[in-house]
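The values are calculated or read from the model by the stated rules, or taken from the named source; none is laboratory data. Small disclaimer: the values here were computed from a predicted structure and weren't measured. Don't worry about glycine lacking a Cβ; one is built from the backbone with ideal geometry, like all the others, and counts go over all protein chains shown. Just the protein is used for accessible areas: all its heavy atoms, side chains included, with ligands, DNA and RNA removed. Shrake-Rupley method; radii C 1.70, N 1.55, O 1.52, S 1.80 Å.
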Amino acid sequence: MSDIEDLERDILGAIARATDENALEQTRVATLGKKGSISELLKTLGTMNPEERKEKGPLINGLRDKVGAAIAARKAALADQFLEARLRSEQTDVTLPQRPESLGTIHPVSQVLDELTAIFADLGFSIAEGPDVEFDDYNFTRLNIPPDHPARQMQATFFLGPQADGERHLLRTHTSPVQVRTMLSQKPPIRIVCPGRTYRVDSDATHSPMFHQFEILAIDEGLHLGHLKWTIEEFCKAFFEVDVVELRARPSFFPFTEPSVEWDLRCDRSVPGQIRYGTGNDWLELGGSGEVNPRVLAMCGIDPERYQGFAFGGGLDRLAMLKYGIPDIRPFFESDIRWLRHYGFSPLDIPTLDGGLSR
């Protein structure tokens, strides 16, 4: 047996034994590469006399062709084997039950919004909404805050560019414009809760330039502060899930209410990091309220001699922080999935008064 036949046998055996494309490539380089065994044989043809070249040339070239064909065939076979193995490993039994998929997590603000609307719906209030970009007239003027009123300095407002008529729109600083829009479009009796985003130039651990607020408005004949106090008490008992609450009223000033009252809720902070509501010797600020200023009623087309109203408002973000022990408002808006998984809620646990608000 000639040396070429021995070489052919060895090379074809190495090709057949290759178990992956990396081993096959090493064999190809060792035989057909620039310094491979077959390439070296081909270089010797130039040194042979015509008789030797005529004899060995076809043998060496035939070996090169056989090896090339064998490598291509083995590469195709290995690819088929890899595909078959992958199909076996990735096969799916369609008779198996469906895998449970995550439905996501409810943000604490969305949870508190659902809780709040469930409570006020039970008290007879309907939800009212309005645009985030508002008219100055609705955000300030019709709420008894004229252009030169010093109370405008209480609001750090995002103003937009002037319109063609010179008027400037703004990002609403509270949800009170929704009350204005409702009073202009509906006749009493009115009972609404207005949740939504609001904007002010402020940012720290307890303030955000964009935050969530809610306000309630009730207008009817004969309404007074007693009705307002009862409504806030019922809301606090349901929201904080306690049987008894105690409120403390403090006189205040808001241009759109007269008289104006701020409410505090009795609580217990004796255990560090915890707040118990309805008991204790501490007080927690809830929010501002009051009877709707007669001037506001008149500017919104409602007869202040016949109808009275009350309003109350607070922050949804702050309620979430108080109820669920969240120390900093800034992560509310940072889209950190780890934070959301820790403080979030199951999307299937919809808050209800009979089934429990928070579960």
task = All but one of (1) within 33 Å of the chain's Cα centre (by Cα); (2) at pLDDT below 85; (3) among the polar types (S, T, N, Q) hold for THR117, so report the exception by its number.
result = (2)
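Go through LEU96, LEU83, LEU87, LEU116 for me and flag whichever is among the aliphatic types (A, V, I, L, M) and in contact with a Leu (Cβ under 9 Å, 6 or more places away or on another chain). Walk me through how you get there before you give the answer.
Details: LEU96 fails: in contact with a Leu (Cβ under 9 Å, 6 or more places away or on another chain); LEU83 fails: in contact with a Leu (Cβ under 9 Å, 6 or more places away or on another chain); LEU87 fails: in contact with a Leu (Cβ under 9 Å, 6 or more places away or on another chain).
So the residue among LEU96, LEU83, LEU87, LEU116 that is among the aliphatic types (A, V, I, L, M) and in contact with a Leu (Cβ under 9 Å, 6 or more places away or on another chain) is LEU116.
Looking at this structure, is GLY62 out of contact with any Gly (no Cβ under 9 Å at 6 or more places or on another chain), exposed (fewer than 15 other Cβ atoms within 10 Å of the Cβ) and without any contact (Cβ under 8 Å) to a residue 60 or more places away in the chain? Step through it out loud before you land on a result.
Details: out of contact with any Gly (no Cβ under 9 Å at 6 or more places or on another chain): yes; exposed (fewer than 15 other Cβ atoms within 10 Å of the Cβ): yes; without any contact (Cβ under 8 Å) to a residue 60 or more places away in the chain: yes.
Criteria met by GLY62.
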query = Which one is least open to solvent (accessible area, probe 1.4 Å) among residues in segment 223-240 that are touching a residue at least 12 places away in the same chain (Cβ under 8 Å) and over 36 Å from the mean Cα position of the chain (by Cα)?
reply = LEU223
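Here are some residues: ASP268, ASP220, ASP202, ASP243. Which one is among the acidic types (Asp, Glu), touching a helix residue (DSSP H, G or I) at 6+ places or on another chain (Cβ under 8 Å) and open to solvent by 10 Å² or more (accessible area, probe 1.4 Å)? Before the answer, list the steps.
Values: ASP268 fails: touching a helix residue (DSSP H, G or I) at 6+ places or on another chain (Cβ under 8 Å); ASP220 fails: touching a helix residue (DSSP H, G or I) at 6+ places or on another chain (Cβ under 8 Å); ASP202 fails: touching a helix residue (DSSP H, G or I) at 6+ places or on another chain (Cβ under 8 Å).
On inspection, the qualifying residue turns out to be ASP243.
Could you check segment 6-33 and list, in sequence order, the residues that are under 19 Å from PRO58 (Cβ atoms) and surrounded by 11 or more Cβ atoms within 10 Å (Cβ to Cβ)?
We begin by selecting, within segment 6-33, every residue under 19 Å from PRO58 (Cβ atoms); these are 6-9, 11-12, 31-32.
LEU7, GLU8, ARG9, ILE11, LEU12, THR31, LEU32 - these are the residues of segment 6-33 that are under 19 Å from PRO58 (Cβ atoms) and surrounded by 11 or more Cβ atoms within 10 Å (Cβ to Cβ).
For segment 1-25, how many residues meet the condition of being within 27 Å of GLU52 (Cβ to Cβ) and of a type outside the set (A, V, I, L, M)? Don't jump to the end; show me each part of the working.
Within segment 1-25, the first condition is being within 27 Å of GLU52 (Cβ to Cβ), and the residues that meet it are 1-12.
Filter once more, keeping what is of a type outside the set (A, V, I, L, M): 2-3, 5-6, 8-10.
The qualifying residues number 7.
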inquiry  = Step by step: first the residues of segment 272-304, then only those that are out of contact with any helix residue (DSSP H, G or I) (no Cβ under 8 Å at 6 or more places or on another chain) and of a type in the set (Asp, Glu), then the one that is nearest to SER176 (Cα to Cα). Which residue is that?
reply    = GLU285
request  = State the number of residues belonging to segment 298-333 that are surrounded by 14 or more Cβ atoms within 10 Å (Cβ to Cβ) and of a type in the set (D, E, K, R).
outcome  = 3
inquiry  = Condition first: farther than 24 Å from ALA320 by Cα and polar (S, T, N, Q). Now tell me which residues in segment 90-133 satisfy that.
reply    = GLN91, THR92, THR95, GLN98
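Of all residues in segment 225-262, how many are in a helix (DSSP H, G or I) and within 16 Å of ALA311 (Cα to Cα)?
Step one: filter segment 225-262 for residues in a helix (DSSP H, G or I), giving 225-239.
Remaining after also requiring within 16 Å of ALA311 (Cα to Cα): 225-236.
Matching residues across segment 225-262 total 12.
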request  = Among the numbered conditions (1) closer than 25 Å to TYR199 by Cα; (2) of a type outside the set (Val, Ile, Thr); (3) in contact with a strand residue (DSSP E or B) (Cβ under 6 Å, 6 or more places away or on another chain), tell me where GLY124 comes up short.
outcome  = (1)
inquiry  = Looking at segment 34-55, can you tell me whether even one residue there is surrounded by 11 or more Cβ atoms within 10 Å (Cβ to Cβ), in contact (Cβ under 8 Å) with a residue 40 or more places away in the chain and touching a helix residue (DSSP H, G or I) at 6+ places or on another chain (Cβ under 7 Å)?
reply    = no
note = Condition set touching a Pro at 6+ places or on another chain (Cβ under 8 Å) and modelled with pLDDT under 85, scope segment 120-157, selection least open to solvent (accessible area, probe 1.4 Å): answer is ALA151
key: Unmet criterion (only one of (1) more than 20 Å from ASP80 (Cα to Cα); (2) in a helix (DSSP H, G or I); (3) not aliphatic (A, V, I, L, M)) for LYS34   = (2)
note = Heads up, the strands (runs of 3 or more DSSP E) in segment 104-221 (entirely inside) with at least 2 residues that are in contact (Cβ under 8 Å) with a residue 60 or more places away in the chain and within 21 Å of PRO294 (Cβ to Cβ) are 190-199, 210-220
task = List the number of the failed condition for GLN163; all other conditions in (1) surrounded by 13 or more Cβ atoms within 10 Å (Cβ to Cβ); (2) over 12 Å from GLU215 (Cα atoms) hold.
result = (1)
request  = Can you confirm whether segment 92-102 contains a residue that is over 30 Å from GLU215 (Cα atoms) and either part of a helix (DSSP H, G or I) or open to solvent by less than 100 Å² (accessible area, probe 1.4 Å) (or both)?
outcome  = yes
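Consider ARG276 carefully, then state whether it is without any contact (Cβ under 8 Å) to a residue 12 or more places away in the chain and of a type in the set (Lys, Arg). Spell out how you get there, then give the answer.
On the way: without any contact (Cβ under 8 Å) to a residue 12 or more places away in the chain: yes; of a type in the set (Lys, Arg): yes.
Yes, satisfied.
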